[in-house]
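What follows is a set of notes on a single structure, which appears directly below.
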C-alpha cells in the first residue's frame, strides 16, 4: 500500500478479454455464488500487506486507507455518495442496525426463502411475515413498515421484481431494504431506489471475506443508531482513540466498525477492477454463459448469472471432472462470472450429460 496509485475512479477501462488473464483458477470454477475468486491485483495487494505485517515493515495507516477507497468505489458502483455508505464485516451485522431502529412489533415482509442474514435480524425485533417471493409486492399494505428482500435469490438465482416491490412500498409508505450480495458485481443496481442496500463483497465483488457495505437513505440515516460505535466511527478516527466527549461522524461513517485491515486491502483493487470493466459488460458476459449452460440442459433462457437445476448426481459428476459448483436447496447451483469461458460451460455440460 506504499507509494502513489492512480485515482481508481479515473483509471482506464479494461475489457473482458484483457481482464481474464488476471485469474488463474485450478479448473472450471462455477461457484461465485459461494465465493468469488480474487483478481491478481487484489491477491497481490493482500500478499504484500501480509508480508509487511509479518516483517513489521510498515505502520497500519496505509492499510486503513484501503477501507476509505473501497467505500468510494462501492458508492460509485451503486450510484450514491460515499457519505451515505457505512462499512462493516457482514450483512447481518449491518442490517441488524436497521432492525434495531424499528419500533418493537413493526410489521416486516420478507420472502419465504430469504437468506437468513436478511431475515434473522428482523425476527429479533419485528413481527415478520414471510410470503412467496412472487407475491411480495401484492402483500405490501398500509400495515407494512418495512420490506426486506434479496435482489437475487441465493439458492435459485431468481432476480426479484424490484420495480413492483419498490412501487408498492412507496405507495404504502413502507421502507425497503435489499440484500444485494448475490447481485452487486453483475447486476446494475441504483441504491438510491431503496432505503437501505446491504452487500457482502466476497462473492461477485471478488473480495476477501469480512468486508460489507450498507448504503442508507437520508430517512434511515437519521434514525439508525451506531450501536457498535468505536474509534473508527469518530468524525476524525485518529482523534477518537481515548475519552469523551462522544464525537461521531455526521455521515454514515458513524455506523462503521473498526475495519479488518487485510480484508479491505484485498477489496479495494477488486472493486477498482469491477468499476473499470463496468457492471453492464460483466452482467452481459455472466448471463450469456448462464444461458449457454441452460440451453445445454434444455432450459429456457433467464436473466440471471445463477442457474439452479435438478440433475441427479450433478455435484459428484462435476467434481470428478474437476469442476467446482454447489448444491443449494437440493438442486445444483452453477454461477458464472468474469473468469469463466464458453469452454467452462461446455466442460460442465459434458460432465453432466455424458
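On inspection, residue 284 fails the criterion of being touching a strand residue (DSSP E or B) at 6+ places or on another chain (Cβ under 8 Å), assigned by TED's automatic domain parsing to the domain that holds residue 339 and modelled with pLDDT of 95 or more.
Condition check ((1) within 22 Å of the chain's Cα centre (by Cα); (2) farther than 27 Å from residue 196 by Cβ) across all residues:
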position: 46; (1), (2): yes, yes
position: 53; (1), (2): no, yes
position: 56; (1), (2): no, yes
position: 65; (1), (2): yes, no
position: 72; (1), (2): yes, no
position: 93; (1), (2): yes, no
position: 99; (1), (2): yes, no
position: 107; (1), (2): no, no
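What are the pairs, 6+ residues apart or on separate chains, where a residue within region 112-127 that is more than 14 Å from residue 181 (Cα to Cα) and outside the structural domain of residue 140 (by TED's automatic domain parsing) has its Cβ under 8 Å from a residue that is modelled with pLDDT under 95 and assigned to a loop (DSSP other than H, G, I, E, B)? If the second residue must be modelled with pLDDT under 95 and assigned to a loop (DSSP other than H, G, I, E, B), no pairs are left. Filtering region 15-54 to residues that are without any contact (Cβ under 8 Å) to a residue 40 or more places away in the chain and touching a strand residue (DSSP E or B) at 6+ places or on another chain (Cβ under 7 Å) leaves nothing.
Yes/no per residue for (1) over 25 Å from residue 229 (Cα atoms); (2) surrounded by fewer than 14 Cβ atoms within 10 Å (Cβ to Cβ):
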site: 53; (1), (2): yes, no
site: 88; (1), (2): no, no
site: 116; (1), (2): no, yes
site: 123; (1), (2): no, no
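For residue 130, the criteria (1) touching a helix residue (DSSP H, G or I) at 6+ places or on another chain (Cβ under 7 Å); (2) surrounded by fewer than 20 Cβ atoms within 10 Å (Cβ to Cβ); (3) over 28 Å from residue 256 (Cα atoms) hold in every case but one, which is (1). Only one residue in 252, 229, 183 is out of contact with any helix residue (DSSP H, G or I) (no Cβ under 9 Å at 6 or more places or on another chain) and closer than 23 Å to residue 122 by Cβ. Which one? It is 183.
The values are calculated or read from the model by the stated rules, or taken from the named source; none is laboratory data. Worth saying up front: this structure is predicted, and the values here are computed from it rather than measured. Here the Cβ is made from the backbone with ideal geometry for all residues, glycine too, and neighbour counts use every protein chain on show.
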